Amino acid sequence: MSHEASAKDQPKNVLQRALYMASGTLTSRILGLFRDIALGALFDRTVTDAWTAAFRIPNLFRRLLGEGSLSVSFIPVFMEEKAGDPSGLRAKNVANGVYSVLLIGMGILTLLGVVFVEPLFRLLLSDLYVLSAEKWELTLRMGRIMFGFTFFVTMYAFYMGLLNALGSFGLPALAPALLNVSMLIFTFMPPEWFQGAGDGLAWGVLVGGMLQAGLLFLGLRSRGGLPRWLGLGWVPKR
């Protein structure tokens, strides 16, 4: 009887998860529209061009990792290990190992990006763009601030994969809306609070990334699924 009830509930659960994901995506898209309207209304072309150029690399990581690629590659391995070991120890080891590698790898990559942002942007942007001194300096300053977003969006993507594997879909779908909320808030902050015009946009991206990752961090901790930093010299348990 319980098996029959479970089979009947399965389509309902799938529909509920799909609605959660659709609602989160729709909310994020609507907030993104308001964000773009605010950017066009409150900032001149120099600032918006600099922000668009500086956001190229963080946005690349967001598309590659934050929009599901990391989850798609991680979840099958995690679920396979979980199914093969009823104790869940092997699945935990996989999660902890991937988490530790991501922390080290993305931490180093983010630091390198902040330090070497100028030569990196010279490779990505045209020589004509660099000729505008004001725009170029603003792009470099924004790039240094926003490069930290690459770290947080990677952590967000990993946490999302874990939550999805644990059957939680609503929170990961809603989290991206926090990026647009953060940008909207920073957009309307007084310009004199920041070093230069448009810096608030860059800080909005960084804080938004922190909020995204932080929300899923808390969600995982509440479910008891938070991965553990293994550190150097770790030997996997068997």
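Some observations on this one:
- Given +1 at the Cβ of Lys and Arg, -1 at the Cβ of Asp and Glu and no other charges, the dipole of region 134-238 around its Cα centre is 720 debye to the nearest 20.
- Taking Lys and Arg as +1 and Asp and Glu as -1, the other residues whose beta-carbon sits under 13 Å from that of Arg45 total -2.
- Of the solvent-accessible surface of region 113-153, computed with a 1.4 Å probe over protein heavy atoms with every protein chain present, carbon and sulfur atoms account for 65 percent.
- Most to least packed among 165-174, 79-88 [average Cβ atoms within 10 Å]: 165-174, 79-88
- Whether region 97-178 is rounded, prolate or oblate, judged on the alpha carbon gyration tensor where a/c under 1.5 counts as rounded: prolate
- Total charge dipole magnitude, the chain, about the Cα centre, Cβ charges on Lys, Arg, Asp, Glu only, Debye to nearest 20: 800 debye
- Across Gly224, Gly209, Gly198, mean-square fluctuation computed from a Gaussian network of the chain (C-alpha pairs under 10 Å connected) peaks at Gly224.
- Selection from Ala91, Ser182, Phe151, by position along the positive dipole direction of the chain (Cβ): Ala91
- Sorting 123-133, 213-223 by average packing, meaning the other beta carbons within 10 Å per residue, from highest down gives 213-223, 123-133.
- Each stretch of four or more DSSP H residues adds -39500 (n - 2.57); spread over every residue of the chain, this sum gives -25500 deg cm²/dmol at 222 nm.
- The chain: relative contact order as a whole-number percent, Cα under 8 Å and 6+ apart: 31 percent
- Taking region 110-238 and dividing mean pair separation by its residue count, relative contact order in percent (alpha carbons under 8 Å, at least six apart): 28 percent
- Think of a 1.4 Å ball rolled over the protein heavy atoms: region 114-157 then has 48 Å² of accessible area per residue.
The values are calculated or read from the model by the stated rules, or taken from the named source; none is laboratory data. Since the model is a prediction, treat every value here as computed from it, not as a measurement. FYI the Cβ positions are ideal-geometry reconstructions off the backbone, even for glycines, and counts take in every protein chain you see. When the accessible area is computed, the model is the full protein with side chains, heavy atoms only, and any ligands, DNA or RNA have been set aside. Shrake-Rupley method; radii C 1.70, N 1.55, O 1.52, S 1.80 Å.
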